[in-house]
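Each reported figure results from applying straightforward, stated rules to the coordinates on display, with no laboratory input. The model shown is predicted, which means the values in this text are computed figures rather than measured ones. Using ideal geometry, Cβ is built from the backbone for each residue, glycine included, and neighbour counts are taken over all protein chains shown.
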Amino acid sequence: MAAITARELEMQMPDASKLLSDEPEMESSLHYMQLLLLVTCLEWAWQERDDFFIGANLTIYFSRQQLKNKDFRGPDFFLVKNTTRAPRNSWVVWEEDGQYPDLIIELLSDSTASVDRKLKRDLYSERFHTPEYFYFSPETLEFAGFRLDLNRYNPITPNAQGWIWSEVLGLFLGVHERELRYFSLEGVLVPTLQEFAQNEIKKVKQERQNAEQERQIAEQERQIAEQERQIAEQERQIAIQQANRAEQAEAKLHELQERIRSLGISDE
């Protein structure tokens, strides 16, 4: 039997535009909100980039056998780098130059935990060769990360805060207020749009307060300067009055002396 080329195999596969995502609903509102948080925060952090794709509860099509069996559920969250940032109905590997996810995050639940921890992890390492794999339970807060080494995942050691560094993201992943969040190398929380807006509002309010305090200080300094000017003016007026009185007294003395001399009386 003649060998089949990759191009011929691609031609035999279904039209990618007809391969829609076939994923079930998220297990709970906790899972949905956590997934939304992971997507929106990374899109915000990478808003200046256009060389990545984020899949959220989206099917990954990667083989004819998978299409036939329909027994694979896609990752809850996956990231593909060095691709176009464009909407997709699903991720079809043979239409994406053979690219698989660079990072996958599964959100554990009672119904999926055993599959996510073992079967999917083996698939992601041995078939996808995905460099980094994480799982997190929004309910129990169980969290772990793995990095690929020779088609095997090795656990990534968390730091003192319990955060795990992702080389793919260039960010930490860690639990914050019972949610899985991103942190910068310096430990700064990557904000949601709402948190960013709230921080900006706080900054504006603080700047207004600072400006008002500076205005009040300037007004106090102006009042003090005005008081000092008034005091100086009062002292100047007093000095003028004293000088005038001294001149008047000197004039009266001179006048008295002249009158005495005119009367032929010695003033000695």
For the chain, longest principal axis from Cα atoms; helix 193-262 axis from its Cα atoms; angle between them, nearest 10 degrees, is 10 degrees
Projected onto the charge dipole of the chain (+1 at Lys/Arg Cβ, -1 at Asp/Glu Cβ, origin at the Cα centre), which of 166, 153, 188 gives the Cα projection farthest towards the positive end? 153
If each of residue 202 and residue 257 carries a label point 7 Å out from its Cα toward its Cβ, how far apart are those two points in nm? 8.2 nm
If you average the sequence gap of Cα pairs under 8 Å that are 6 or more apart and divide by the length of the chain, what percent do you get for the contact order? 12 percent
Using the count of nearby Cβ atoms within 10 Å as a rough guide to exposure, how do 261, 117 rank from fewest to most? 261, 117
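As a check on your grasp of the helix formula, calculate [θ] at 222 nm for the chain: sum -39500 (n - 2.57) over DSSP H runs of n ≥ 4, divide by the residue count, round to the nearest 500. List each step's numbers first, then the result.
On the way: 5 runs with 104 residues, N = 268.
Computed ellipticity for the chain at 222 nm equals -13500 deg cm²/dmol.
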Just one of (1) 13.8; (2) 17.2; (3) 28.6 is mean projected area of the Cα convex hull in nm² as worked out from the coordinates here. Which one is it? (3)
Using only Cα atoms, figure out Rg for segment 173-268 and give it as a multiple of 2.2 N^0.38 Å. 2.97
Over the chain, how many pairs of lysines fall under 26 Å by alpha carbon, counting only those 8 or more apart in sequence or from different chains? 10
Suppose every Lys and Arg Cβ carries +1 and every Asp and Glu Cβ carries -1, with no other charges. What dipole size does segment 191-268 come out with about its Cα centre, to the nearest 20 debye? 280 debye
